[in-house]
1. Out of all the residues in the stretch 35-47, is one or more within 20 Å of residue 95 (Cβ to Cβ) and among the β-branched types (Val, Ile, Thr)?
2. Could you list, in sequence order, the residues of the stretch 77-94 that are under 31 Å from the mean Cα position of the chain (by Cα) and surrounded by fewer than 10 Cβ atoms within 10 Å (Cβ to Cβ)?
3. Restricted to the stretch 59-76, and to residues that are of a type outside the set (A, V, I, L, M, F, W, C) and surrounded by 10 or more Cβ atoms within 10 Å (Cβ to Cβ), which residue is farthest from residue 105 (Cα to Cα)?
4. Can you find even one residue in the stretch 51-67 that is of a type in the set (Phe, Trp, Tyr) and at pLDDT 90 or above?
5. Could you list, in sequence order, all residues of the stretch 63-107 that are without any contact (Cβ under 8 Å) to a residue 12 or more places away in the chain and among the aromatic types (Phe, Trp, Tyr)?
Amino acid sequence: MASIMNRLLRRNLSTSLRLGVEGPSATAGHDGGMDLWRKLSFFVAFPAVILCAVHTYLREQSHPHEPPEFIPYEHLRKRDKRFPWGDGNKTLFHNPHTNALPSGYEH
């Protein structure tokens, strides 16, 4: 396997030296591909990201920010033992607007 790799590298190096270039990558012709990807990034990808961000922001603004109705199901929000932080009743990433306690929302 190593001998095949050495032969390929020698052949590629000798071809590039005959052509008067400084390495095997100079003969590959990557300038057109790089230019294509640069144009795609600036004119397709970045505008698409900006459009998605604006769309998400506008949808979030029109979304109602009220929590859903609290229904005290027995199998949800069960506390067999206290959490080791805070008052022991709230989860680690507790949000009072969206996460209900066993007795209901905090407001």
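The values are calculated or read from the model by the stated rules, or taken from the named source; none is laboratory data. Note that the structure is a prediction, hence the values are computed from the model and not measured. Ideal geometry is used to build each Cβ from the backbone, glycine not excepted, and the neighbour counts take in all protein chains shown.
1. First, the residues of the stretch 35-47 that are within 20 Å of residue 95 (Cβ to Cβ): none.
Taking every residue of the stretch 35-47 in turn, none turns out to be within 20 Å of residue 95 (Cβ to Cβ) and among the β-branched types (Val, Ile, Thr).
2. If the condition is that a residue be under 31 Å from the mean Cα position of the chain (by Cα) and surrounded by fewer than 10 Cβ atoms within 10 Å (Cβ to Cβ), then 92, 93 are the ones that fit.
3. Our first condition is that a residue be of a type outside the set (A, V, I, L, M, F, W, C); within the stretch 59-76, this holds for 59-69, 72-75.
Among the residues that remain, those that are also surrounded by 10 or more Cβ atoms within 10 Å (Cβ to Cβ) are: 67, 72.
Values: 67: 9, 72: 11 Å.
My answer is 72.
4. Taking the stretch 51-67 as the starting set, the residues that turn out to be of a type in the set (Phe, Trp, Tyr) are 57.
Among the residues that remain, those that are also at pLDDT 90 or above are: 57.
Yes: the stretch 51-67 contains one or more residues that are of a type in the set (Phe, Trp, Tyr) and at pLDDT 90 or above.
5. Hits for the stretch 63-107 are 73, 83, 85, 93.
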